[in-house]
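These notes are about the structure you will find just below.
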Amino acid sequence: MIAGGGRIGTGPDDAGAGMAQGAARRWTGRLVVLGLSGLALAGCTGEARAEAIRSYEVDIAADRDGGLLVEETIDYDFAGEARHGIVRILPDRAPYEQTRDRRYPVSDIRVDSPTGAPDATEVTAESGALTIRVGDPDEEISGRHTYVLSYRVDAVADTGAGTDRLAWNAVGTGWEVPIDDVEVLLSGPDGAPPVDADCAVGGEGDAGPCRVEALADGSVRYGATGLGAGEGVTVSATFPAGTFPGARPVYEDTFSPARAFRASPATVGLAVAGLLVLAAPAVLRLRRTRAPRAGGPVPPQFTPPQAGRPAQLGTLLDGYAQRHEVTATLLDLAVRGFLRIEEVGDPGADGGTPTDWRLVRAAPPAGLRPYEQRLLEAFFADGDEVVLSDVQDRFGRIESDVCAAMYADVVQLGWFHSDPAAIRRRWYGIGAAVLVAGIVLTVVLALTSTWALGATGVVLAGLVVLGLAGRMPRRTPAGEALRDQVAAFREHLAAADPRWLAEHGRVDDVASAARSDPRIRYLPHAVALGVADEWAGQVGSAAGPIPDWYVPSSRRAAVWPALLVFSSASNPALAPPASASGSGSTYVGGGAGGGGGGSW
């Protein structure tokens with residue numbers, strides 16, 4: 001039995017005859033409807049008609065291969081709107097499983113208009129559907145027009161052990177206008193009658209019943225009325241097993257991580273080869289960056305190497321010139337008598353640490369390295385005194401300029417083969433380029449093939465190069481030997497014992513108050529080598545004179561806390577001010593979502 005009460009007939013008519021008979025009945029009915037509508041409109045007035053489909057008739061003829069020959073006759077009422085024509089969106093695939101779609105190949109598309117409407121057709125494929133645009137962009141029409149759309153769609157029928165089944169969305173839910181009347185005529189292959197049929201009407205996911213009628217020629221007629229915008233009609237029929245002997249569903253694999261990154265000897269070998277070939281140059285260079293050292297272990301170093309100044313030794317140690325080397329240079333210039341540091345403001349009754357300092361030029365510059373000369377010129381560009389906070393806005397530029405001069409200095413001294421910063425930038429650029437190329441190649445191969453795993457070697461090689469880029473600057477043999485001494489001296493500063501301080505000798509190029517006090521003498525080195533806190537913690541409690549190059553704003557027993565704040569990277573007088581942020585404002589188009597649409 002067929003849903004809706006109709007009984008299956010056993011007539012010998014084939015599908016073509018059934019379609020011809022259905023077409024004759026429909027055109028007769030259409031003429032009657034058009035005539036009655038014209039009389040009604042001629043004899044009365046009322047509200048303007050809204051754009052709608054007055055009738056939507058679909059003839060479906062199935063063949064033994066499981067394909068369909070479909071003819072859609074659409075009576076479209078543009079009412080008083082001026083339009084170019086209609087747009088029919090026809091899906092040609094549907095999700096089947098997580099990793100593949102089922103395809104319904106569409107071909108032989110043809111559109112005619114018995115009422116003379118422009119029927120130029122443009123077909124585009126996008127997002128799993130065909131967009132069939134009918135009309136002339138240079139011509140507008142209105143009123144009622146009929147379009148006859150025919151096409152073939154393959155691989156629709158499903159075969160089974162007991163029965164074969166056919167289901168088709170005769171009217172999709174994507175129509176933006178209401179549909180007054182729907183009629184669908186389905187014919188089986190060679191007139192084969194179905195054993196059951198069903199029909200559903202409504203929105204996406206709805207299962208409202210509609211009319212189903214078995215005809216004497218073996219075809220089935222479905223009907224529905226009063227569809228709103230966004231509502232459709234789906235028809236189905238069940239046939240005896242073997243009705244569609246040539247039916248074969250068509251599947252297409254979609255993206256799947258497991259499929260895209262499928263491991264095989266070829267993809268694994270390609271990944272390993274890419275990693276080795278692209279990362280090997282960086283690894284081999286890194287093995288050559290440390291020159292061989294002659295002699296045995298480095299002995300303890302209780303005094304800084306005389307070959308370099310604090311900022312130079314700090315740059316040599318790790319290959320980086322940074323802010324703490326710049327502040328260490330300021331302290332070193334003060335210790336050597338080229339400037340004086342004065343606290344600005346009253347720290348309060350509790351004797352807290354100051355927040356600003358004044359730098360005063362002292363002895364005329366003589367015997368300075370280029371980076372020291374640049375630092376003094378930048379700070380004292382406007383006179384012999386400068387408040388540290390007044391330099392805050394341009395300190396970043398000063399720091400960059402002085403650090404660049406430090407890099408040039410360590411190369412000139414013969415400690416590095418070339419500028420460490422330039423070498424790092426070069427290798428960071430190479431690593432970033434390899435990484436981006438690997439990511440792009442991986443994405444492309446993942447979307448188009450099963451070879452994505454092979455490209456991961458390029459990604460890993462890029463990460464390896466980026467990870468090694470900071471260690472690429474090469475020291476000379478002399479630089480390596482001196483670095484070992486600097487590292488030993490750094491360990492001494494970090495673990496110093498105040499009991500040995502009196503044993504240190506005098507240094508002739510420092511201000512008088514610090515010439516016999518290694519706490520002051522080695523403070524710039526501790527700052528440049530990154531152990532100022534450890535050094536201060538070991539020796540800061542020992543009694544000693546306040547250096548004559550440092551002027552506190554109040555009497556205090558020790559100036560170590562203030563000196564540590566002055567030399568720290570977070571010096572409040574040099575730290576950039578925090579930028580303000582607000583909660584923002586609301587405006588049209590300022591959020592997610594939105595969009596719009598219109599008619600053709």
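Summary table
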item: Simple label model, 7 Å out from Cα along Cβ direction - L130 to A82, nm; result: 3.2 nm
item: Computed accessible area, Y251, all protein chains, 1.4 angstrom probe, square angstrom; result: 80 Å²
item: Residue-span extension gain [E252 to I109] - 0.36 nm each, minus C-alpha spacing; result: 49.3 nm
item: The range 413-451 and the range 55-108: distance between their alpha carbon centers, rounded to Å; result: 50 Å
item: Value in Å of the Kirkwood radius, where the range 170-221 supplies the Cα pairs that are averaged; result: 12.6 Å
item: FRET efficiency, R100 to S400 (Cβ-Cβ, R0 35 Å, nearest 0.05); result: 0.05
item: Cα Rg over Rh - the range 52-253, Kirkwood; result: 0.97
item: Sites L368 and D548 - FRET efficiency at Förster radius 25 Å, r taken between beta-carbons, to 0.05; result: 0.75
item: Spin-label model distance (nm) - F380 vs V444, 7 Å beyond Cα toward Cβ; result: 6.0 nm
item: The range 52-253, relative contact order in percent, only Cα pairs under 8 angstrom and at least six apart counted; result: 28 percent
item: Quarter of the Cα convex hull surface for the range 143-276, i.e. its orientation-mean projected area (nm²); result: 14.1 nm²
item: Nearest-0.05 FRET efficiency for A273 and A569, computed from C-beta distance (R0 51 Å); result: 0.70
item: Amide H partners (placed H, <5 Å) of Y251, local residues excluded; result: R103
item: Estimated D of the range 204-292 in µm² per second, where Rh is the Kirkwood radius over Cα pairs and Stokes-Einstein applies at 37 °C, 0.692 mPa s; result: 156 µm²/s
item: Rg and Dmax [Cα atoms of the range 111-209; Å; Rg one decimal, Dmax integer]; result: 17.1, 54
item: Under the Karplus curve 6.51 cos²θ - 1.76 cosθ + 1.60, θ = phi - 60°, whole-Hz ³J(HN,Hα) for the range 219-231, x wherever Gly or Pro sits; result: 7, 10, 10, 10, x, 7, 9, x, 7, x, 4, x, 10
item: Two-site label geometry, R259 and D390: point separation in nm, points 7 Å out along Cα→Cβ; result: 7.1 nm
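The values are calculated or read from the model by the stated rules, or taken from the named source; none is laboratory data. Quantities reported herein were computed from a predicted structural model and do not represent experimental measurements. Heads up, the Cβs are rebuilt from the backbone with ideal geometry, glycines too, and the neighbour counts pull from every protein chain shown. Note: areas computed on protein heavy atoms with side chains; ligands, DNA, RNA excluded. Shrake-Rupley method; radii C 1.70, N 1.55, O 1.52, S 1.80 Å.
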